[in-house]
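The values are calculated or read from the model by the stated rules, or taken from the named source; none is laboratory data. Note that the structure is predicted; figures quoted are calculated from it, not measured. Cβ coordinates were reconstructed from backbone atoms using ideal geometry, including for glycine residues, and neighbour counts include every protein chain displayed.
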Amino acid sequence: MQDFSGRVAAITGAGSGIGRGLAEALVARGAPVALSDIDEVGLAETVGRCEGRGVKVTSRRLDVADRDDVFAWADEVVDAHGQVNMIFNNAGVGLGASVSGMTFEDFEWLMDINFWGVVNGTKAFLPHLRASGEGHVINISSVFGLVSIPSQSAYNAAKFGVRGYTDALRIELEIEGAPVSATTIHPGGIATSIARNSRRHDSVRTIGGDPEEAIAEFEKMLRTTPEKAARQILKAVERNRRRALIGPDAKVFDLVSRLPAGLYQRVLVQGSKRQIANGS
């Protein structure tokens, strides 16, 4: 997809962060957009930033964990815009907890959004993308879909799952010779509020020290703006990349993922132990 002008893009999680960055970047390139988010206030702000720029903008409150609602939205997008060429499955949430301390309810909450939300969006839009004659599925994983991190077992499970699911989809589409492609996106530290807004369980203290301090340290590493991330993601779509590493730290994570597992995991173990000792 070398030209976004006139190509209709649907985006989940468009109320902030990468989703908002994508919406603004796409309308600037002449792409009509269908925006969704469970946060109606944030969604309205994104709509306000995108309107009046010469392309059609539609929006809808959406819980990506609600499969029926996602399928209904996909049909509504085609009814409103006449077609849809891209689905950016971007909506996501965070959860900090140890495996032992995490509740099944919290685990299911995250998986319903971060994994099943991607599956729901892919399945709902894929027939419409085929019908358009030129389609692309863009699924947002994470650097935590490359390397496992203590306190992030649920997030890791979802993001590794998105990576495997999208890789398999891309292969199948190529076997079929379908007019649709798929790309997995691995953002690094993007300056969004996902960490601050995540659910946190006190059990993280047993494996990594004070959770508030950990978030503060994490936020210091958020060097890539959502706008820059959006530009890199769209470049990956233009180049029909299988995977895209977003931000310089994502490249570091990719290199770490190629090391022997025991090597990088021992480093994480020792680092966590030092944090716990310093916090005690």
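How many residues does segment 167-180 hold that are free of Cβ contacts under 8 Å to residues at least 40 places away in the same chain and assigned to a helix (DSSP H, G or I)?
Counting residues in segment 167-180 that are free of Cβ contacts under 8 Å to residues at least 40 places away in the same chain and assigned to a helix (DSSP H, G or I) gives 7.
Among the residues of segment 39-52, is there at least one that is crowded, with 24+ Cβ neighbours inside 10 Å, touching a Ser or Thr at 6+ places or on another chain (Cβ under 6 Å) and under 27 Å from Pro179 (Cα atoms)?
no
Looking at (1) modelled with pLDDT under 95; (2) surrounded by fewer than 18 Cβ atoms within 10 Å (Cβ to Cβ); (3) of a type outside the set (A, V, I, L, M, F, W, C), find the lone condition where Lys56 falls short.
For Lys56, the failing item is (1).
Among (1) surrounded by 21 or more Cβ atoms within 10 Å (Cβ to Cβ); (2) within 15 Å of the chain's Cα centre (by Cα), where does Tyr165 come up short?
Unmet for Tyr165, out of (1) surrounded by 21 or more Cβ atoms within 10 Å (Cβ to Cβ); (2) within 15 Å of the chain's Cα centre (by Cα): (1).
Just wondering, is there one or more residues in segment 12-26 that are of a type in the set (Asp, Glu), buried (at least 21 other Cβ atoms within 10 Å of the Cβ), modelled with pLDDT of 95 or more and within 29 Å of Arg239 (Cα to Cα)?
Within segment 12-26, not a single residue is of a type in the set (Asp, Glu), buried (at least 21 other Cβ atoms within 10 Å of the Cβ), modelled with pLDDT of 95 or more and within 29 Å of Arg239 (Cα to Cα).
State yes or no: is Ile233 under 30 Å from Ile11 (Cα atoms), of a type in the set (A, V, I, L, M) and modelled with pLDDT of 85 or more?
It is true that Ile233 is under 30 Å from Ile11 (Cα atoms), of a type in the set (A, V, I, L, M) and modelled with pLDDT of 85 or more.
Without any contact (Cβ under 8 Å) to a residue 40 or more places away in the chain, under 24 Å from Arg266 (Cα atoms) and out of contact with any strand residue (DSSP E or B) (no Cβ under 7 Å at 6 or more places or on another chain) - does that describe any residue in segment 155-162?
Yes, segment 155-162 contains a residue that is without any contact (Cβ under 8 Å) to a residue 40 or more places away in the chain, under 24 Å from Arg266 (Cα atoms) and out of contact with any strand residue (DSSP E or B) (no Cβ under 7 Å at 6 or more places or on another chain).
Would you point out which residue out of Arg274, Arg266, Arg200, Arg239 is of a type outside the set (Asp, Glu), more than 22 Å from Leu95 (Cβ to Cβ), at pLDDT 75 or above and within 22 Å of the chain's Cα centre (by Cα)?
When all the criteria are applied, what remains is Arg239.
How many residues, within segment 221-243, are among the aliphatic types (A, V, I, L, M) and in contact with a His (Cβ under 7 Å, 6 or more places away or on another chain)?
1
What residue, among those in segment 92-131 that are crowded, with 20+ Cβ neighbours inside 10 Å and closer than 21 Å to Phe4 by Cβ, is farthest from the chain's Cα centre (by Cα)?
Checked segment 92-131; the qualifying residue farthest from the chain's Cα centre (by Cα) is His128.
Say we look at segment 253-280 and pick out the residues that are under 30 Å from Met1 (Cβ atoms) and without any contact (Cβ under 8 Å) to a residue 40 or more places away in the chain; which of these is surrounded by the most Cβ atoms within 10 Å (Cβ to Cβ)?
Leu255
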